[in-house]
Amino acid sequence: MTATDTQPHEQRERRRGRGGPLRDVVGLVLLPLPLLVAMRPMSFAGGGTRRWFGRGESQRADAQAAKDAAAAAFYELDTAHRDLRISIETITAVDHSPPARKAAEEYEGFGRRIDEVSQRYITAVDSHDLDRDDLDGAAVARARADLTRAKEELDRVRGELERFAQGLGPLLRTAETQLARLAPAVERARQALLGASNALDAVRAQGLRADDLATRLAALGPELTKLNQGAGQHGVPETIQRADDVVRRAEDVRAEAERLPGRAAEIDKRLVSLRTRAQAITTRAGKVDPVLSELRRRYSAACWQDLQQVPEQAARSVRQAEVKLREAQQARDEQRWADATSLLATVRALLDGTDEAVSAASDRLQRLDAVSFDRQKEVERTRFAVRDAQRLAMSGRSTPDPRHAGPLDEAVARLDRAVAGLEGRHPDWWHFLTETEAVRETAARVVQEIRGSRGGAGAGGG
């Protein structure tokens, strides 16, 4: 330690006090003249000016920080607003329900509030130039307060905006689901149209015109145009519905086109088959007259008079069928498939009726011959059916239900009358056969009713 260091503190202070002003003056004399002029006000102002300048810089820094924070809040609000606008546009593009319209109206209200707080923020920024050299402390304080207030307003509106956006979750998810369906739906429609067009080309390559299918496919052209114009012009739900409709109609055209060659082959096959059948029925109808002669010779008029018109009716029906066959062939040649199918159905109905009438005559003769040879077989067959029904009616009962006993008793009496009616030289065998058949039908109906009622009671009791 030096001697100077050991001197009393007061002496060191007195020496420093004596030497300090001199050193200061010498230092000032040695400074260049411009710098000396610049520092002159500071020398007269004393050390207080330098201390105020430090506080001013701190306030200016705080105001600048408030300005930066307000700018960040402004950016965050703008970002949230733009995100919300995308959500609202998504919802309104898909959903036209009252909740969606209400959400859009509330969004417009937010837009006006955002414009107001944004304008106040911009005004606060424009009103305070923090880079000015002559900015005093009061102006800096006002700037900080205005910018802080602008930030708080921006944050408050952003918070409300975010809470509103969260409430849109269900609407937005539904809309996004619809939008997710949009592109695939439109693509399916395009592919369905392409598939229908290709199927139609393949059919035409086989010599089939398919004019009706081509017309139906051409009618889908305007729908494809609307799909290509997009959901922005026609709406998302409407576009999805249109795409689904196009898919359905195009698939129908494609399926019918693919079935067309087989349909044509089937019509050709049916034409050949029905012509052959008509010829066979014509041959069989020619044998009805000998059968009728045998019936007239051996049995009473009641047994055959309802068959007298069969030969004439058969010939007339076959002629009608042949006319329809020719019309069906012409429709097939002209590729009017629906007409050809309808005409062939008419031909089949005519031939079915004729076939039954022609068969009725020979069947009648066979049945009459059998019953006239052995009536007892028919009687026993009928009595067995009645007794079976009677046993079922008495099963589990001491007395039969009148609803069942009455019809069965009448059936027995009817059978007895039919048997008694066979007495005489020329019995009506056909009446006998129709009566026994009616008795068996009565017995079968009673059996069905008994089983039905007992089945229902068992189900109810369980």
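The values are calculated or read from the model by the stated rules, or taken from the named source; none is laboratory data. Note that the structure is a prediction, hence the values are computed from the model and not measured. Glycine also receives a Cβ, built like all others from the backbone with ideal geometry; neighbour counts cover every protein chain displayed. For accessibility, only protein heavy atoms count, side chains too; no ligands or nucleic acids. Shrake-Rupley method; radii C 1.70, N 1.55, O 1.52, S 1.80 Å.
Things to note:
- Scope the range 214-256; condition within 28 Å of Trp337 (Cα to Cα) and not in a helix (DSSP H, G or I); matching residues: Ala219, Leu220
- If you go through the range 107-155 and keep only what is part of a helix (DSSP H, G or I), open to solvent by less than 20 Å² (accessible area, probe 1.4 Å), out of contact with any Ser or Thr (no Cβ under 8 Å at 6 or more places or on another chain) and farther than 29 Å from Leu84 by Cβ, you end up with Ala139, Val140.
- Gly111 vs. criteria at pLDDT 80 or above and under 30 Å from Gln233 (Cβ atoms): yes
- Within the range 264-283, the set of residues being closer than 18 Å to Gln313 by Cα and surrounded by fewer than 17 Cβ atoms within 10 Å (Cβ to Cβ) comprises Gln279, Ala280, Thr283.
- Odd one out for Ser293 among (1) in contact (Cβ under 8 Å) with a residue 24 or more places away in the chain; (2) over 44 Å from the mean Cα position of the chain (by Cα); (3) open to solvent by less than 90 Å² (accessible area, probe 1.4 Å): (1)
- Hey, Ala315 within 25 Å of Leu208 (Cα to Cα) and either open to solvent by 60 Å² or more (accessible area, probe 1.4 Å) or hydrophobic (A, V, I, L, M, F, W, C) (or both) or not: no
- Filtering the range 370-387 to residues that are of a type in the set (Asp, Glu) and touching a residue at least 24 places away in the same chain (Cβ under 8 Å) leaves only Glu378.
- Checking the stated criteria, Val323 turns out not to satisfy the condition of being at pLDDT below 95, assigned to a helix (DSSP H, G or I), hydrophobic (A, V, I, L, M, F, W, C) and more than 46 Å from the chain's Cα centre (by Cα).
- Candidate set from the range 156-180 (those that are over 18 Å from Gly109 (Cβ atoms) and surrounded by 18 or more Cβ atoms within 10 Å (Cβ to Cβ)); member that is farthest from the chain's Cα centre (by Cα): Leu172
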